[in-house]
Amino acid sequence: MTYPPMPGTPGPPPPQKSRGLSRTTRTVIIVVAVVALFCCAGAVGGGFWLFRTVQGTITPARDAATGYLDDVEAGNYPAAYARLCERLRGRQTEAEFTRARQAEPPLDGYKVTDTQVHTTTNGDTSAEVTVKIADRNRVINLVKEGGDWRVCGT
């Protein structure tokens with residue numbers, strides 16, 4: 001049998017709270033974690049989408065420039081001439097183009113170092129592909145004609 005405490009003596013200690021998190025705190029932490037997870041997933045997905053979009057814009061222009069350089073390097077001047085824009089083909093014939101390319105030192109390798117695509121407010125699209133040839137940077141200008149990239153200046 002237990003007796004009541006004597007007058008003037010302290011009573012039993014109050015019941016201790018559990019040391020774990022309250023239900024509300026746990027709920028808030030879970031909600032914050034889920035929101036953070038969705039934000040991170042959105043950032044990764046958005047970054048991937050942006051990367052693919054930029055690559056889809058840059059790659060065709062770069063490929064057109066490297067195709068032109070590959071043709072010149074191989075001595076396939078008719079194919080290189082066919083890759084020129086209408087303005088340049090209107091200035092010189094294929095024979096003139098071939099003679100001019102043959103008079104240049106042979107192209108012996110190159111490396112693409114940069115590609116930039118520009119779209120104007122009137123919808124014209126152009127690109128600049130920078131290549132390193134014999135320790136010298138050279139810019140190849142391209143324009144989009146009829147859906148195809150064409151070399152329009154080097």
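The values are calculated or read from the model by the stated rules, or taken from the named source; none is laboratory data. Only a predicted model underlies this, so the values are computations on that prediction, with no experimental measurement involved. Positions of Cβ are generated from backbone atoms using ideal geometry, with glycine treated the same way; all protein chains shown enter the neighbour counts.
Overview of values
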quantity	calculated
Filter result for residue 127 (within 18 Å of the chain's Cα centre (by Cα) and touching a residue at least 12 places away in the same chain (Cβ under 8 Å))	yes
Residue count for the stretch 124-140, restricted to those that are closer than 15 Å to residue 72 by Cβ and either β-branched (Val, Ile, Thr) or at pLDDT 95 or above (or both)	4
Scan of the stretch 47-71 for residues that are out of contact with any strand residue (DSSP E or B) (no Cβ under 8 Å at 6 or more places or on another chain) and either at pLDDT 95 or above or acidic (Asp, Glu) (or both), ordered by number	67, 70, 71
So residue 140, is it closer than 18 Å to residue 70 by Cβ, of a type in the set (A, V, I, L, M, F, W, C) and over 23 Å from the mean Cα position of the chain (by Cα)	no
Considering residues of the stretch 90-143 that are hydroxyl-bearing (Ser, Thr, Tyr) and assigned to a loop (DSSP other than H, G, I, E, B) only, the residue surrounded by the most Cβ atoms within 10 Å (Cβ to Cβ)	110
Residue satisfying all of: in the stretch 62-89; surrounded by fewer than 17 Cβ atoms within 10 Å (Cβ to Cβ), under 30 Å from the mean Cα position of the chain (by Cα) and aliphatic (A, V, I, L, M); nearest to residue 116 (Cα to Cα) among these	82
Residues of the stretch 117-137 that turn out to be within 18 Å of residue 71 (Cα to Cα) and touching a Ser or Thr at 6+ places or on another chain (Cβ under 9 Å), as a count	4
